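Since the structure comes first, as structure tokens, the remarks are kept for the end.
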Amino acid sequence: KQEVTQIPAALSVPEGENLVLNCSFTDSAIYNLQWFRQDPGKGLTSLLLIQSSQREQTSGRLNASLDKSSGRSTLYIAASQPGDSATYLCAVRGAGGTSYGKLTFGQGTILTVHP
Amino acid sequence: SQTIHQWPATLVQPVGSPLSLECTVEGTSNPNLYWYRQAAGRGLQLLFYSVGIGQISSEVPQNLSASRPQDRQFILSSKKLLLSDSGFYLCAWNKYNEQFFGPGTRLTVL
């Protein structure tokens, strides 16, 4: 059974810092990995999607890497801003025809960026 | 473009009352649809998924049921709510690769 772990559980940084959020998964047979952002009381916003054959994806100040063989992904946020404060969730989609796109989520990292 | 709607946004219900949460998707056809629950202090748990009209798979045994009467409509129901059914319910859709989520319904059972 796939298990996804995110470290740290919470992170508080001053504005302007570069930071790294970590995600690990136990079963390397994945189809893709997705990073989400969740603001309090809101739904999830997709940030980046990395296919299993890819090593990284970039969107603006965000960069996500994937090392499938070691079961790890990192989300790098450059020049953090107070507006980046949110919970960041990592989710993996299993490979194989019976996965039906189901995602297994980590518990999330609560990020606070203070001015 | 594709959008996903959920209603109601918030709901307060007494224990033992029925439940019906609705999710609709616009701008796509034949999507895979999912219901997740996010309880306080816990991660997202997949409850049901559907790959087509009338096709429902349950991931965990529980007091809830799901139905898909139309291609882009997914309904979460209960005949009698329990206190443990409280949480944030999220509907999501997926086609090909990326999964997208709705705004969620906050359910409080008293």
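The values are calculated or read from the model by the stated rules, or taken from the named source; none is laboratory data. Everything quoted here is computed from the prediction, not taken from an experiment. Cβ placement follows ideal geometry from the backbone for every residue including glycine, while neighbour counts extend to all protein chains displayed.
Scanning the stretch A:2-51 for residues that are surrounded by fewer than 17 Cβ atoms within 10 Å (Cβ to Cβ) and β-branched (Val, Ile, Thr) turns up A:THR5, A:ILE7, A:VAL13, A:VAL20, A:THR26, A:THR45.
Okay, residues lined up against (1) part of a strand (DSSP E or B); (2) over 20 Å from B:TRP93 (Cβ atoms); (3) among the small types (Gly, Ala, Ser):
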| position | (1), (2), (3) |
| --- | --- |
| A:THR74 | yes, yes, no |
| A:CYS90 | yes, no, no |
| A:SER99 | no, no, yes |
| A:LEU111 | yes, yes, no |
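Scanning the stretch B:3-23 for any residue that is modelled with pLDDT of 95 or more and of a type in the set (Asp, Glu) turns up at least one such residue.
Residue pairs whose Cβ atoms lie under 7 Å apart, sitting 6 or more positions apart in sequence or on different chains, and linking a residue in the stretch B:25-44 that is touching a residue at least 24 places away in the same chain (Cβ under 8 Å) to a partner that is outside any strand (DSSP E or B) and buried (at least 21 other Cβ atoms within 10 Å of the Cβ), are B:VAL25/B:PRO31; B:ASN32/A:GLY101.
The number of residues in the stretch A:43-66 that are outside any strand (DSSP E or B) and over 21 Å from A:SER85 (Cα atoms) comes to 4. Going residue by residue through the stretch A:74-84, is there one that turns out to be over 15 Å from A:ARG37 (Cβ atoms) and crowded, with 21+ Cβ neighbours inside 10 Å? No, that holds for no residue. Residue-level check: of (1) in a loop (DSSP other than H, G, I, E, B); (2) at negative phi; (3) within 10 Å of chain B (Cβ to nearest Cβ); (4) not basic (Lys, Arg), A:SER69 misses just (3). Under the condition of being at positive phi and either aliphatic (A, V, I, L, M) or surrounded by 12 or more Cβ atoms within 10 Å (Cβ to Cβ) (or both), the residues counted in the stretch B:1-51 number 0.
Might you check whether a residue that is at positive phi and without any contact (Cβ under 8 Å) to a residue 60 or more places away in the chain occurs anywhere in the stretch A:74-85? No, every residue in the stretch A:74-85 fails to be at positive phi and without any contact (Cβ under 8 Å) to a residue 60 or more places away in the chain.
Applying the condition of being under 17 Å from A:VAL13 (Cα atoms) and out of contact with any Gly (no Cβ under 7 Å at 6 or more places or on another chain) to the stretch A:77-107 and asking which residue is nearest to the other protein chains (Cβ to nearest Cβ) yields A:ALA86.
Inspect the stretch B:78-87 for any residue being under 24 Å from A:LEU89 (Cα atoms) and under 12 Å from the mean Cα position of the chain (by Cα) and give the result as yes or no. Scanning the stretch B:78-87 turns up at least one residue that is under 24 Å from A:LEU89 (Cα atoms) and under 12 Å from the mean Cα position of the chain (by Cα). If we keep just the residues of the stretch A:52-66 that are farther than 16 Å from A:ASN22 by Cα and within 14 Å of chain B (Cβ to nearest Cβ), which is surrounded by the fewest Cβ atoms within 10 Å (Cβ to Cβ)? Here the answer is A:SER53.
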